[in-house]
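Notes follow the structure.
The values are calculated or read from the model by the stated rules, or taken from the named source; none is laboratory data. The shown structure was predicted, so the numbers you read here are calculated from the model rather than taken from an experiment. All Cβ positions, glycine included, derive from the backbone under ideal geometry; neighbour counts span all protein chains shown.
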Amino acid sequence: MEFYADWHTHSKYSDGRGTIAENIAAAIDKGLDELAITDHGPSNIGVGVEAPGTYLKIKEEISALNENFPEIKVKVGAEADIVALDGSIDIPYEITKSLDVLIVGMHPYIVPNEVDGVWSIVGINQLAKLSSDARKKAMVNNTKALKEVVSRYDVDFISHPDLQMPVDIKELAAFCAEHDTALEINTGHHYDKEEMVRIALKEGANFVVSSDAHFPSSIGELASGGELLEKFNVPVERVLNARHNCH
Ligand SMILES: [Zn+2]
Ligand SMILES: [Zn+2]
């Protein structure tokens with residue numbers, strides 16, 4: 001399986017090392033037709049963009065760069081954080097509408113937007129490492145929050161589902177399949193993705209393979225994701241950034 005796009009990469013605007021121009025040059029080098037710059041939302045402690053308005057600045061920078069690099073289409077996006085059990089994210093709705101790609105992910109170290117999220121999202125996921133009861137509760141909460149966000153926002157895909165923060169993949173995949181939101185195969189993090197692919201395939205969800213690159217050299221490093229999908233005979237039509245007849 002080959003890929004024409006990498007829609008999950010970070011730049012210096014969050015915790016990536018490359019400038020946007022360096023990321024673009026690396027993507028061209030890898031032969032990609034599309035790249036998205038998707039920096040972390042502002043509530044991601046120590047790594048997020050300075051403020052939601054930063055995405056508008058990134059958008060301006062990308063539209064200027066798109067003229068310099070006609071061989072690739074560069075999209076502006078975000079990897080938003082869930083900050084409450086009701087599926088609120090750390091980017092205002094109006095700003096999400098001006099993005100080309102909206103990724104939502106769960107990250108352990110975020111500033112919740114309400115007192116509620118301190119326990120129901122951050123606390124329970126820390127406790128989940130120590131107790132199986134807490135793990136079950138964290139899974140219920142995480143799955144609920146992800147379903148809420150998918151129904152409230154136009155989410156293109158969920159980043160690294162089940163990484164560090166447990167999720168009921170069957171329930172989430174079935175819901176995502178209904179709402180046209182894909183699940184990510186993240187090649188930048190090492191964790192067990194086989195179960196996710198097996199279950200999500202059955203539930204009808206689509207997939208996106210992305211590098212989650214924090215260095216320009218990791219952009220487009222998607223081969224391990226392709227191998228995983230091939231192992232489970234996932235049809236190419238179910239993989240949104242795979243090359244097939246139309247690309
Ligand atoms: Zn992430
Ligand atoms: Zn990321």
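With the requirement that a residue be hydrophobic (A, V, I, L, M, F, W, C), touching a residue at least 24 places away in the same chain (Cβ under 8 Å) and part of a helix (DSSP H, G or I), what does the stretch 55-83 give you? Leu56, Ile58, Ile62, Leu65, listed by residue number.
The lone criterion from (1) of a type in the set (D, E, K, R); (2) away from ligand 2 (no atom under 16 Å from the Cβ); (3) within 19 Å of Leu172 (Cα to Cα) left unmet by Glu114 is number (3). Among the residues of the stretch 141-166, those identified as small (Gly, Ala, Ser) and either within 16 Å of ligand 2 (Cβ to nearest atom) or closer than 23 Å to Asn241 by Cα (or both) are Ser151, Ser159.
So, in the stretch 189-212, of the ones that are closer than 22 Å to Glu34 by Cα and touching an Asp or Glu at 6+ places or on another chain (Cβ under 7 Å), which residue ends up surrounded by the most Cβ atoms within 10 Å (Cβ to Cβ)? Per the stated criteria, the residue is Ser210. When Glu237 is tested against (1) closer than 19 Å to Asp156 by Cα; (2) without any contact (Cβ under 8 Å) to a residue 24 or more places away in the chain; (3) within 15 Å of ligand 1 (Cβ to nearest atom); (4) not hydrophobic (A, V, I, L, M, F, W, C), exactly one condition is not met: (3). The single condition among (1) away from ligand 2 (no atom under 14 Å from the Cβ); (2) modelled with pLDDT of 95 or more that Val208 does not meet is (1).
Annotation: of all residues in the stretch 48-64 being hydrophobic (A, V, I, L, M, F, W, C) and surrounded by 18 or more Cβ atoms within 10 Å (Cβ to Cβ), the one that is nearest to Ile110 (Cα to Cα) is Val49.
Residue under question is Asn186, and the condition is that it be touching a residue at least 60 places away in the same chain (Cβ under 8 Å), under 20 Å from Pro108 (Cβ atoms) and crowded, with 19+ Cβ neighbours inside 10 Å; does it hold?
Numbers: touching a residue at least 60 places away in the same chain (Cβ under 8 Å): yes; under 20 Å from Pro108 (Cβ atoms): yes; crowded, with 19+ Cβ neighbours inside 10 Å: yes.
It is true that Asn186 is touching a residue at least 60 places away in the same chain (Cβ under 8 Å), under 20 Å from Pro108 (Cβ atoms) and crowded, with 19+ Cβ neighbours inside 10 Å.
When His247 is tested against the conditions (1) more than 25 Å from Asp33 (Cβ to Cβ); (2) at pLDDT below 95, the lone failure is (1). Here are some residues: Leu35, Leu56. Which one is closer than 27 Å to Gly225 by Cα and out of contact with any Gly (no Cβ under 8 Å at 6 or more places or on another chain)? None of the others qualify; the one that does is Leu35.
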